[in-house]
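Chemist: A single structure is presented below for examination.
Values in this text are rule-based calculations from the coordinates and carry no lab data. Nothing here was measured: the structure is a model prediction, and the numbers come from that model. No Cβ is skipped: glycine too gets one built from the backbone with ideal geometry, and neighbour counts run over all protein chains shown.
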Amino acid sequence: MAESERDATRRFSPLDMDPEEFRSIGHQLVDRLADFFGSWPERGVTRGEFPAQIRSVVGTGPLPEEGSPAGPLVEEAARILIDHSLFNGHPRFWGYITSSPAPIGALADLLAAATNANVGSFSLAPVATEIETQTVRWIGELIGFPTDGGLLVSGGNMANFVAFVAARRAKADWDLRAKGPGAGGPLRVYTSRETHTWISKAADLFGLGTDAIRWIDTKADLTMDTDALEARICEDRGRGDQPFLVVGTAGSVSTGAIDPLATIAKICREHAIWFHVDGAYGGFAAALPDAPEELKALREADSIAVDPHKWLYAPLEAGCTLVKDRNVLVDAFSYRPPYYHFGGGEGPDSEEPTNFYELGPQNSRGFRALKVWLGLRQVGRAGYVQMIGDDIRLARVLYDLLAAYPELERFTCTLSIVTFRFVPEGLALQGQERETYLNTLNTELLDRLQKGGEAYLSNAVIRDQYVLRACIVNFRTQVADLEALPELVMRIGGSVRAEMRAAADF
């Protein structure tokens with residue numbers, strides 16, 4: 001047979017692997033990752049490398065014209081990632097609210113990628129659709145939220161966006177989908193000054209403009225002032241504006257503060273306003289038997305956002321929107337063009353299947369639910385209650401440890417977030433000059449601590465004071481890890497202080 005005939009009858013695909021090659025490469029990768037998981041205590045959290053250093057490792061050459069064997073490529077990629085990443089799975093990563101990833105989640109992502117389900121419609125992903133449906137229901141059960149439906153998305157921003165759009169559609173008193181947000185009275189949204197920046201993005205992206213946000217002042221404990229909230233709602237309504245959404249926070253990003261959710265729910269009911277809870281971080285703590293009643297009051301919301309890639313320890317990405325009435329998502333997102341042949345059920349009961357493209361902004365959707373579903377099955381409610389409770393207990397341990405160091409000024413300890421700062425002994429500055437100096441000192445301290453790799457914190461700004469922030473969402477952290485932190489901060493802080501004194505005599 002001629003070469004042209006062979007090409008026509010049997011296609012060669014450069015991307016394919018036969019089962020034995022896939023098995024060999026996969027086994028080697030799993031062995032490498034198993035060793036990697038066991039090596040974290042001996043590794044730094046990060047090397048603190050600069051972009052140019054990383055670029056030199058990845059390479060700057062042009063797109064290759066010809067391919068290379070898969071095995072060496074996977075081995076090279078594993079080496080680069082293991083040697084040059086920042087590890088949020090490290091037991092001393094307490095920076096941003098990204099959890100240590102569960103190993104079963106890593107395996108789940110491999111399985112999900114291999115089956116490659118498009119969880120936009122039931123007909124394209126029947127098993128994956130039912131797994132996601134069950135996962136959403138289980139998340140609601142775990143936190144005590146009586147959900148009628150929801151879906152998994154990429155993270156907290158998207159989970160909150162979905163609820164924002166649903167609330168806007170449900171509460172506008174005109175055909176918003178056809179006429180747009182400018183066809184009626186000005187829509188207004190209310191939230192505390194501690195709310196995550198997603199709210200600004202949502203007001204911008206979905207046509208309201210950021211001036212539509214009413215930033216409500218907070219009390220001394222950084223929770224929403226509900227008297228100010230109600231006064232602003234009445235003021236806006238009196239001038240003809242249309243309040244449609246109040247966002248309460250269940251675990252603020254900076255300090256873990258929990259808004260008075262029960263009181264906010266009451267105000268929303270009285271004024272017929274949608275009540276949404278941003279529980280991306282703290283919502284899962286409602287599963288604890290001793291969770292504060294204010295946190296458990298999230299059950300009174302119309303919708304809630306939570307992030308399984310935070311306190312369910314799922315690998316990125318996994319956010320979740322839950323609603324009490326599934327129909328609000330359909331009303332906000334469903335379109336059925338003629339080229340979609342995703343009909344009703346064909347079984348004996350003719351049950352209407354779930355098509356997730358009708359419940360959110362995506363049509364093509366990855367199988368995010370598998371890693372969450374397997375994690376919930378591996379440890380159950382009891383396992384998550386234990387791990388979340390341990391994180392909160394360890395935060396209190398850290399807060400107590402800091403008390404033994406007069407130069408470490410403690411600020412807050414809520415949920416699993418602790419904030420504090422380095423205040424050198426003998427600092428003679430007073431007033432605003434003192435605060436400016438301490439903000440500069442602690443900013444430099446944090447920058448060096450992050451680059452040093454011995455531990456990883458982030459920052460918060462509390463009443464214009466720049467503080468260090470440790471957020472423990474990490475099932476690998478031990479008391480010994482926390483015991484090492486105060487001395488590390490003191491050492492780096494002392495070094496920064498000495499350099500600043502040399503530059504200016506304070």
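Chemist: Please report the Cα spread of segment 61-125 along all three principal axes, rounded to whole Å, starting with the longest.
Modeler: 42, 42, 20
Chemist: How large is the helix-only mean residue ellipticity at 222 nm for the chain, computed as the sum of -39500 (n - 2.57) over DSSP H runs with n ≥ 4, divided by its residue count, in deg cm²/dmol to the nearest 500?
Modeler: -14000 deg cm²/dmol
Chemist: Moving to a separate point now. So what's segment 119-212 giving for Cα Rg divided by 2.2 N^0.38 Å, two decimals?
Modeler: Relative to the 2.2 N^0.38 Å estimate, segment 119-212 comes out at 1.29.
Chemist: Computed FRET efficiency, Cβ-Cβ of Ser123 and His27, R0 22 Å: what is it to the nearest 0.05?
Modeler: Efficiency, rounded to the nearest 0.05: 0.05.
Chemist: For Cα extents along the principal axes in Å, the choices are (1) 73, 59, 49; (2) 78, 55, 40; (3) 90, 62, 45; which was calculated from the structure?
Modeler: It is the one labelled (3).
Chemist: Over segment 216-311, what number does the Rg to Rh ratio reach, with both radii from the alpha-carbon atoms and Rh per Kirkwood? Please list the in-between numbers first.
Modeler: Numbers: Rg = 13.5 Å, Rh = 13.7 Å.
Using Cα coordinates only, the ratio equals 0.99.
Chemist: While we're here: So if each residue of separation counts as 0.36 nm, and I subtract the Cα-Cα distance between Asn116 and Ala34, what length gain in nm does that give?
Modeler: 27.1 nm
Chemist: Rg(Cα) of segment 383-458 divided by 2.2 N^0.38 Å?
Modeler: Relative to the 2.2 N^0.38 Å estimate, segment 383-458 comes out at 1.31.
Chemist: Cut-off 11 Å, label point 7 angstrom out along Cα-to-Cβ of Tyr96: give me the residues of segment 42-65 whose amide nitrogen falls inside.
Modeler: It comes to no residues whatsoever.
Chemist: If the viscosity is 1.002 mPa s and the temperature 20 °C, what Stokes-Einstein diffusion coefficient in µm²/s follows for segment 1-158 when Rh is the Kirkwood radius over Cα pairs?
Modeler: In µm²/s, the coefficient rounds to 106.
Chemist: Straight distance only, please: which lysines reach the Cα of Lys324 with their own Cα at less than 18 Å, same-chain residues fewer than 8 apart left out?
Modeler: Reachable lysines: Lys171, Lys266, Lys296.
Chemist: Moving on to the next point. With an 8 Å Cα cut-off and a minimum separation of 6 or more residues, compute the relative contact order for the chain in percent. It would help to have the intermediate numbers written out before the result.
Modeler: Values: 854 pairs, mean separation 104.0, N = 506.
In percent, rounded to a whole number, it is 21.
Chemist: Another question about this same structure. Taking the alpha carbon gyration tensor of segment 407-506, what are the square roots of 5 times its eigenvalues, largest first, to the nearest whole Å?
Modeler: Values: eigenvalues 117, 48, 23 Å².
Each semi-axis is √(5λ); the values are 24, 16, 11 Å.
Chemist: Ok, one more. Evaluate E = 1/(1 + (r/R0)^6) for Gln478 and Val58, where r is the Cβ-Cβ distance and R0 equals 41 Å; express this FRET efficiency to the nearest 0.05.
Modeler: For R0 = 41 Å, the calculated efficiency reads 0.75.
Chemist: Sticking with this structure for a sec: List every residue whose amide H lies under 5 Å from the amide H of Thr412, counting only residues 5 or more places away in sequence or on a different chain, with H placed 1.01 Å from N in the peptide plane.
Modeler: Sorted by chain and number, the residues that satisfy this are Thr419.
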